[in-house]
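Take a look at the structure set out below.
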Amino acid sequence: MSQNLHNLFKSIKTFEPGEGLERKILRSIAFEKSLKIRKKLMFARTGLAVSFGVLAYTLFVFGKAFLESDFWNIAKLVFSDSGVIASHINEYSASLLETLPVLEIFAMLVPVFAVIMFLNYYFKFTNNSKFNRVI
């Protein structure tokens, strides 16, 4: 039985792949890579669009509250009563910090951070970038 298998394998000729097979394989690998990059770019573009939309919404909603807060009224005192503020700087800075609209600032900076992160992700996969890290 083993002799038959041995003779059978001896009689099999080696097969060479077709001439265009290597080109086809490399082309399909390049196509898959470009498809992956296109998907990542689409994700980055969608994320940028959503982030800019959220940023516009937060600027309209929280920006109005930020501009109408008492923080600005107290901050204006520097220009009108600077002598009084200089003598009571500790109380002035404490009242300025108490009226600082932290929630509004945080709500406006989160979409800005998201925009920056999606821009980074987008430029990581574009061919226009000098520092293209995708091979």
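Considering only Cα atoms, the convex hull volume of region 20-124 works out to 113 Å³ per residue.
When you restrict to C-alpha pairs under 8 Å that are six or more residues apart and normalise by the size of the chain, the relative contact order lands at 33 percent. Residue-wise HN-Hα couplings along region 106-121, as the Karplus relation 6.51 cos²θ - 1.76 cosθ + 1.60 with θ = phi - 60° gives them from phi, are 4, 5, 7, 7, 4, x, 5, 4, 5, 4, 5, 5, 6, 5, 4, 5 Hz; Gly and Pro carry x. The order of Met117, Met42, Met108, going from fewest to most other C-beta atoms within 10 Å of their C-beta, is Met42, Met117, Met108. Taking the charge dipole of the chain about its Cα centre, with +1 at Lys and Arg Cβ atoms and -1 at Asp and Glu Cβ atoms, the residue from Ser69, Ile29, Phe106 reaching farthest to the positive side is Ile29. Segment Ser82..Leu41, full-extension length gain: 9.5 nm, with 0.36 nm per residue of separation and the alpha-carbon distance subtracted. Basic side chains Lys and Arg get +1 at the Cβ, acidic Asp and Glu get -1 at the Cβ, and with that the dipole of region 1-109 about its Cα centre reaches some 1420 debye. For region 74-112 versus region 27-65, the inter-centroid distance based on Cα atoms is 36 Å. Between Asn73, Asn90, Asn120, the GNM of the chain built on Cα springs shorter than 10 angstrom shows Asn90 fluctuating the most.
Taking the C-alpha atoms only, the angle from helix 21-67 to the longest principal axis of the chain is near 10 degrees.
At full extension, Ala75 and Phe123 could sit 13.3 nm farther apart than now, given 0.36 nm per residue minus the alpha carbon distance. The C-alpha atoms of the chain define a longest principal axis, and helix 2-11 lies at about 80 degrees to it.
Quick note: the coordinates plus some simple rules give every number you see, no bench work behind them. Here the structure is a predicted model, which is why all the values come from computation and not from measurement. Note: ideal-geometry Cβ built from the backbone for every residue, glycine included; neighbour counts use all protein chains shown.
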